[in-house]
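The values are calculated or read from the model by the stated rules, or taken from the named source; none is laboratory data. These numbers come from a predicted model, not from an experiment. Note that we place each Cβ from the backbone using ideal geometry, even for glycine, and neighbour counts take in every protein chain shown.
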Amino acid sequence: MATLLKADPTFYPSPKLAMQAPPETVAYAVIVNPGKGPDGLAVLDADAASAGYGKVISSLTMPNSGDELHHFGWNACSSALCPYAAHPHIERRYLLVPGLRSSRIYVIDTKPDGRALKIVKTVEAQEIANRAGYSRPHTTHCGPDGIYVSALGGPDGDGPGGIFILDHNTFEVRGRWELDRGPQHLAYDFWWHLGYDTLLTSEWGTPKMVEDGVNPEILLKGGYGHQIHVWDLPKRRHRQAIDLGPEQQMVLELRPAHDPTRAYGFVGVVTSLKDLSASVWTWYLEGGTWKVRKVIEIPAEPADPKQLPPLLQGFKAVPPLVTDINLSLDDRFLYVSCWGTGQFLQYDVSDPFNPRQTGSVHLGGIVRRAAHPDSGPLNGGPQMVEVSREGKRVYLSNGLYNSWDDQFYPDGLKGWIVRLDADPAGGLSIDRRFLVQSEQRYHQIHLEGGDASSDSYCFA
Amino acid sequence: MTRWWWPWGVLVLLGAYHGLNPGMGWLFAVARGLQERRRAALWQSFLPIAIGHEAAIGAVVVLVAFAQLVIAPQALRAGGAGLLLAFAGYRIYRQQAHPRGFGMRVGLRGLFGWSFLMSSAHGAGLMLVPILLSLPPSGANQDLGLVAYAAGLSPWEGLLAATLHTAALLAVMALVAVVVYERYGVAFLRRAWLNVDLIWTIALLGAALVTLFT
């Protein structure tokens, strides 16, 4: 792998400095192709001055079918500047794209031409199983000392899920991350507070609990994840389990404050068994102990059962289903996707315990089917969110996970990607020029040079 | 005995070079100060980092001193050169190598351990081998006219070499860290962080040649 003579220019010591980065000219979005051939990775034109703005420039098709590509991440990012394991002359160059179903990880080269991607290596499921004992890779984060990847479970489809490490030079699986996992069994997302040597993980379900769709029996018993786990990052040990309550089902996206001196963050809960509401919680450090408090609750909306998929007809309501959240680099705005009701919300979280709603947009939704100004009715809802580094642009896609898409949108979810403009003072508006629609589905989006969920920082 | 001072001068320059390298200490000190938002956290970092470095150098000095007692000078030079070459080769093979298992909250003992490992893995001590071998034999041996392999480093000379080198590192590291922390901030790293490791690898190769041919 090439070594640079100067630090990679896309690495920034602090989130504040990263906000001065030039705007992205391309965005990368995962293409999911349910039952119709291989998945892929699309390159979108994000340069507002370009004639092709808001359109797909090219797409890379994977060599296999049925991967179910989902989340992805960079081989290296601003954390390479962290002083205790500095290696800033590595290039931000490769996208690591795991297949959530196949457990393969594609290593995709974005250079020399970020618009013409190619696969340079494939990490096979067998290597992950042999060296780490894990399967179904989900989140990847470029860490200060390696690439961290979370996995939903083991090769047999049961738990425990956890984290494994890839070498950032060779992309070989280095092994399981946890030395002592304590009571942790379910896994999903993870991220960290580098300034506090602390890693957090969240809980969804084991592969067997999620792969055939949401299982109402497990759900009604409160069997999906309802905890977050706190870990000592350098010592790789479990420190604390925090239970949000068994009625809080599926604790997904973790968004710690980007400022490494701040010890708080936000996590979204998909649904509550009590009233189908969704919620966002703030975790925080107090007197050496991590605590959590519910700060946003979004109620379910009553609905005519005839407009609902079979799964929800008995409830006579649409659950908001908060499936993704994202935090701007200045830790000021929190974005919340309600995939069920088709609402996308912006909150001012300057006071992390008292979020104030500052923006809302409707797109899709199980009942509402809200249209983009230039589209007919949309299905699916705001799901994966990505925020540009200076915080002025927000990208949304609508796919969740194939078997779940089919349960909640049984008419056949059709993919779309839109871009919103975020007012620095608060407020959201739809960018009319940016609309991608397809028979395929789209999942996570990342931006050229980094974005609000790709990098972590060791300096305030 | 002209230019008796040159090995000492090189020792100081190499120490200063480590002091300038962001990956060897000053940046960690600055990060700790920024993270804890207190100047004391910055100042407290210097000594553990310096002592860790001195320990790594000291280990090599002791090895060289013992080796001089039992190995003929020419063989020692060849062996030292071989080690330097092998180490430079390893650094070319693993260009992005860095320690693992550390974090922002390692504490002072952790800083010492980190600095010891970092300096060892960097070959900071190994780099001094040609210089240690060039230091004039200790006075007592000279008086007796013993110029064969008994004429090695005295313990005092070794300690002085390691300490002088580390003092240069400490002075430069502290100066850079304080100026960055108090005045400039870390933004300039984006442009100014040259690949000093690459230069260092070339220097290791140079040191191997010097050892072999002087």
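Within segment A:377-387, the set of residues being assigned to a strand (DSSP E or B) and touching a residue at least 60 places away in the same chain (Cβ under 8 Å) comprises A:V385, A:E386, A:V387.
Across segment B:78-98, the number of residues qualifying as part of a loop (DSSP other than H, G, I, E, B) and surrounded by fewer than 17 Cβ atoms within 10 Å (Cβ to Cβ) comes to 2.
A residue that is within 29 Å of A:D67 (Cα to Cα), among the acidic types (D, E) and surrounded by fewer than 23 Cβ atoms within 10 Å (Cβ to Cβ) cannot be found anywhere in segment A:218-240. Taking strands (runs of 3 or more DSSP E) as the structural unit, those lying wholly within segment A:147-256 and holding at least 2 residues that are within 25 Å of A:W283 (Cβ to Cβ) and basic (K, R) correspond to A:237-243. Taking the numbered list (1) touching a Leu at 6+ places or on another chain (Cβ under 7 Å); (2) at pLDDT below 95; (3) within 14 Å of chain A (Cβ to nearest Cβ); (4) assigned to a helix (DSSP H, G or I) in turn, B:M127 passes all entries but (3).
List, please: which pairs have Cβ atoms under 6 Å, are six or more places apart or on different chains, and start with a residue in segment A:409-420 that is farther than 13 Å from A:Y442 by Cα and end with one that is assigned to a loop (DSSP other than H, G, I, E, B)? If the second residue must be assigned to a loop (DSSP other than H, G, I, E, B), the pairs left are A:Y409/A:N379; A:Y409/A:G380; A:P410/A:P309. If you go through segment A:402-460 and keep only what is over 20 Å from A:G54 (Cβ atoms) and within 14 Å of chain B (Cβ to nearest Cβ), you end up with A:G450, A:D455, A:S456, A:Y457, A:C458, A:F459, A:A460.
Tell me whether segment A:16-27 contains one or more residues that are among the aliphatic types (A, V, I, L, M) and more than 14 Å from chain B (Cβ to nearest Cβ).
yes
Against the criterion of being away from every other protein chain (no Cβ under 14 Å) and part of a strand (DSSP E or B), A:W290 qualifies. Looking at A:D374, is it closer than 27 Å to A:A42 by Cβ and outside any loop (DSSP other than H, G, I, E, B)? Here the answer is no, as A:D374 does not meet what is asked.
Listed here are the residues, each with its yes/no results for (1) of a type in the set (G, A, S); (2) within 14 Å of chain B (Cβ to nearest Cβ).
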{"position": "A:V56", "(1), (2)": "no, no"}
{"position": "A:C77", "(1), (2)": "no, yes"}
{"position": "A:L81", "(1), (2)": "no, yes"}
{"position": "A:S102", "(1), (2)": "yes, no"}
{"position": "A:Y106", "(1), (2)": "no, no"}
{"position": "A:T110", "(1), (2)": "no, no"}
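For segment A:142-173, enumerate the residues that are over 17 Å from B:F102 (Cα atoms) and of a type in the set (D, E, K, R). Scanning segment A:142-173 gives A:D156, A:D158, A:E172.
Could you list, in sequence order, all residues of segment A:357-368 that are part of a loop (DSSP other than H, G, I, E, B) and closer than 20 Å to A:S429 by Cβ?
Answer for segment A:357-368, where residues must be part of a loop (DSSP other than H, G, I, E, B) and closer than 20 Å to A:S429 by Cβ: A:L363, A:G365, A:R368.
Output yes when any residue across segment A:187-199 is without any contact (Cβ under 8 Å) to a residue 60 or more places away in the chain and of a type in the set (F, W, Y), and no when none is. Scanning segment A:187-199, I find no residue that is without any contact (Cβ under 8 Å) to a residue 60 or more places away in the chain and of a type in the set (F, W, Y), so the answer is no.
Residue pairs whose Cβ atoms lie under 7 Å apart, separated by 6 or more positions or on different chains, with the first residue in segment A:331-347 and at negative phi and the second among the basic types (K, R) and assigned to a strand (DSSP E or B), are A:Y347/A:R356. Among the residues of segment B:163-210, those that are within 14 Å of chain A (Cβ to nearest Cβ), surrounded by fewer than 15 Cβ atoms within 10 Å (Cβ to Cβ) and over 28 Å from B:A86 (Cβ atoms) comprise B:Y184, B:F188, B:R191, B:A192.
Residue pairs whose Cβ atoms lie under 7 Å apart, sitting 6 or more positions apart in sequence or on different chains, and linking a residue in segment A:397-408 that is in contact (Cβ under 8 Å) with a residue 24 or more places away in the chain and over 16 Å from A:C338 (Cβ atoms) to a partner that is surrounded by 20 or more Cβ atoms within 10 Å (Cβ to Cβ) and of a type in the set (A, V, I, L, M), are A:N402/A:V32; A:Q407/A:V214. Residues that are basic (K, R) and touching a helix residue (DSSP H, G or I) at 6+ places or on another chain (Cβ under 9 Å) were ranked within segment B:41-98; the one that is nearest to the other protein chains (Cβ to nearest Cβ) is B:R91. State all residues of segment B:159-214 that are of a type in the set (D, E, K, R) and over 18 Å from the mean Cα position of the chain (by Cα); if no residue qualifies, say none. B:E182, B:R183, B:R190, B:R191 - these are the residues of segment B:159-214 that are of a type in the set (D, E, K, R) and over 18 Å from the mean Cα position of the chain (by Cα).
Of the strands (runs of 3 or more DSSP E) entirely within segment A:3-105, those holding at least 3 residues that are over 20 Å from the mean Cα position of the chain (by Cα) occupy A:56-65. Out of segment B:1-47, which residues are polar (S, T, N, Q) and free of Cβ contacts under 8 Å to residues at least 60 places away in the same chain? Across segment B:1-47, the qualifying residue is only B:T2.
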